Ligand SMILES: [Zn+2]
């Protein structure tokens with residue numbers, strides 16, 4: 001019996017787009033969509049992931065021929081250098097948000113590969129480093145991840161232990177005067193995509209909430225002294241991520257979406273993820289899928 005594997009391929013394209021709803025006033029469009037009402041351009045990064053049995057050639061599909069050619073025909077030819085609003089008919093009724101572009105791509109890629117017994121399992125689309133959309137073919141539902149950051153100081157120590165004992169557990173992080181980090185934070189929410197805006201949530205709403213609840217609250221603080229919750233618990237990355245998750249859970253729900261995951265990077269080398277519900281755990285743990293390279297030829301898509 002064949003092993004089942006997932007393989008991924010990345011492609012980038014540059015495109016412009018405009019978020020503008022004619023039924024809204026000019027002021028409302030600017031307020032809701034910000035700079036996206038001006039028709040900005042982005043270099044989008046698209047990861048596609050397909051899943052299936054490993055064949056006699058040792059591949060699920062050939063990423064360098066079959067998958068690459070389909071992406072060139074279905075993604076690069078129509079989208080690279082284009083104004084997205086004019087590319088596909090569905091964008092006349094629904095804004096070409098990253099969520100809706102991901103769905104439009106799924107609807108074009110999945111049937112092509114299904115005809116070759118290749119199952120598309122995941123699309124990840126990012127217009128820039130601050131935003132990632134994950135779509136897994138679940139009708140009009142997607143995950144949206146925003147990226148932000150804050151700086152804070154902390155000291156890792158348990159009050160019941162001596163300095164020596166704390167140093168044995170936490171190393172240099174137990175030193176009495178504390179030290180600081182530039183924390184990188186990713187917040188992932190999940191929800192239905194609005195049929196008119198094409199969005200899970202309007203970005204300004206989510207960014208304002210995270211700024212208000214987390215960034216304004218934690219930025220440039222000494223966590224152990226300034227944040228009451230960390231008087232009783234040690235502000236490790238794990239505990240800070242859990243604190244952020246619990247603080248955002250209810251307000252995000254009130255915006256009409258579900259909080260899925262918090263990722264907190266304490267340094268470039270140390271990262272932590274916590275989920276709201278372990279059953280919502282994603283198949284791929286990192287914000288960007290890892291690429292796999294196939295070396296054997298396979299049948300072209302068409
Ligand atoms: Zn530290």
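For segment 141-244, dividing the convex hull volume of the Cα atoms by the residue count gives 99 Å³ per residue.
Sorted fewest first by neighbouring Cβ atoms within 10 angstrom, 87, 274, 132 come out as 87, 274, 132.
Between helix 98-114 and the chain there is an angle of about 50 degrees, using the helix long axis and the longest principal axis of the Cα atoms.
Please compute one quarter of the surface area of the Cα convex hull for segment 87-168 and express it in square nanometres. Provide the component values of the computation, followed by the final result.
On the way: hull surface 42.1 nm².
Spelled out: convex hull of the Cα atoms, projected over all directions, averaged, 10.5 nm².
How many angstrom lie between the Cα centre of segment 5-48 and the Cα centre of segment 107-122? Answer, in whole Å: 24.
With N residues in segment 7-151, what two-decimal value do you get for its Cα radius of gyration over 2.2 N^0.38 Å?
With N residues counted in segment 7-151, Rg over 2.2 N^0.38 Å equals 1.14.
Global dimensions of segment 7-52 from alpha-carbon coordinates: Rg and Dmax equal 15.7, 49 Å.
A full extension of the chain between residue 141 and residue 115 corresponds to an added length of 6.9 nm, given 0.36 nm per residue minus the alpha carbon distance. Ordered by the count of other Cβ atoms within 10 Å of each Cβ, fewest first, 125, 248 give 248, 125. Rounded, prolate or oblate: which one fits the chain, using the alpha carbon gyration tensor with axes a ≥ b ≥ c (rounded when a/c is under 1.5, else prolate when a/b beats b/c, else oblate)? Verdict is oblate for the chain. Restricting the calculation to Cα atoms, segment 60-110 shows an Rg/Rh of 1.02 when the hydrodynamic-style radius is the Kirkwood one.
Here the Debye sum runs over all C-alpha atoms of segment 24-108 as equal scatterers in vacuum, and log10 of I(q)/I(0) at q = 0.14, 0.26 Å⁻¹ comes out as -0.62, -1.40.
Rg then Dmax, both in Å and based on the Cα atoms of segment 161-209: 20.9, 60.
For residue 278 and residue 205, calculate 0.36 nm times their separation in residues minus their Cα-Cα distance, and state this gained length in nm to one decimal.
Full-extension gain reported as 23.7 nm.
Fewest-first ordering of 1, 140 by other beta carbons within 10 Å of each residue's beta carbon gives 1, 140. Axis angle, to the nearest 10 degrees, between helix 237-254 and the longest C-alpha principal axis of the chain: 60 degrees.
Computed from the coordinates by the stated procedures, all read-outs in this text should not be read as laboratory data. Predicted model, so just to flag it, every value in this text is computed and none were measured. All Cβ positions, even for glycine, are placed from backbone atoms using ideal geometry, and neighbour counts span all protein chains on display.
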